[in-house]
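Report on the following structure.
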Amino acid sequence: MPDDALRGPTLLSIARSAIELPSAPAPRAWTEEWLRAPGASFVTLRLDGDLRGCIGSVEARRALGDDVTHNARAAAYRDLDAGEHADAAAIARERRHALNWLCGASPDWDRASAGT
């Protein structure tokens, strides 16, 4: 189990990854015991300092890692209208495309995958 100083960055990484996925991920088999344990989370998102979304769980009903994943996606996408949702999905695809190209998955920008 990581010390408490590593838990925050780990949970933040899980939330960011969940938001960048093109669709809601299935529950995971977390390698860390503390992420598999039942937990409740609250995720708050801000855009340029303004509140963009927030949602949380009051009771621990699923693995903490899955709870953070679910709440991060809900905070990011639940209140979007169809146009905003399409824009957010397009931005996420473009970021994945750029990351794959930067990481050398393809030397050619036009052939780089937008998948994860």
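Of the conditions (1) surrounded by 13 or more Cβ atoms within 10 Å (Cβ to Cβ); (2) modelled with pLDDT of 90 or more, A75 clears all except one; give me its number.
A75 satisfies all of (1) surrounded by 13 or more Cβ atoms within 10 Å (Cβ to Cβ); (2) modelled with pLDDT of 90 or more except (2).
Output the residue which, of all residues in segment 26-35 that are surrounded by 14 or more Cβ atoms within 10 Å (Cβ to Cβ) and within 17 Å of the chain's Cα centre (by Cα), is farthest from G8 (Cα to Cα). It would help to see each step written out before you state the result.
Start the filter on segment 26-35 by keeping residues that are surrounded by 14 or more Cβ atoms within 10 Å (Cβ to Cβ), which leaves 30, 32, 34-35.
Filter again for within 17 Å of the chain's Cα centre (by Cα), leaving 30, 35.
On the way: W30: 16, L35: 12 Å.
Selected residue: W30.
May I ask you to list the residues in segment 1-43 that are free of Cβ contacts under 8 Å to residues at least 24 places away in the same chain, within 18 Å of A76 (Cα to Cα) and among the β-branched types (V, I, T)?
Answer for segment 1-43, where residues must be free of Cβ contacts under 8 Å to residues at least 24 places away in the same chain, within 18 Å of A76 (Cα to Cα) and among the β-branched types (V, I, T): there is none.
Out of the residues in segment 29-62 that are touching a strand residue (DSSP E or B) at 6+ places or on another chain (Cβ under 8 Å) and among the charged types (D, E, K, R), state the one that is farthest from A5 (Cα to Cα). Steps first, answer last, please.
To start, the set of residues in segment 29-62 that are touching a strand residue (DSSP E or B) at 6+ places or on another chain (Cβ under 8 Å) comprises 30, 35-46, 51-57, 60-62.
Right, trim to among the charged types (D, E, K, R) and you get 36, 46, 52, 61-62.
On the way: R36: 18, R46: 23, R52: 26, R61: 25, R62: 23 Å.
Among residues in segment 29-62 that are touching a strand residue (DSSP E or B) at 6+ places or on another chain (Cβ under 8 Å) and among the charged types (D, E, K, R), the one farthest from A5 (Cα to Cα) is R52.
Return the residues of segment 44-64 that are β-branched (V, I, T) and over 14 Å from A76 (Cα atoms); say none if nothing qualifies. It would help to see each step written out before you state the result.
Quick first cut of segment 44-64, residues β-branched (V, I, T) only: 44, 55, 58.
Scanning segment 44-64 gives a single hit, V58.
The values are calculated or read from the model by the stated rules, or taken from the named source; none is laboratory data. Values in this document were obtained by computation on a predicted structure and should not be read as measured data. Methodologically, a virtual Cβ is constructed for each residue, glycine included, from the backbone with ideal geometry; neighbour enumeration extends over all protein chains shown.
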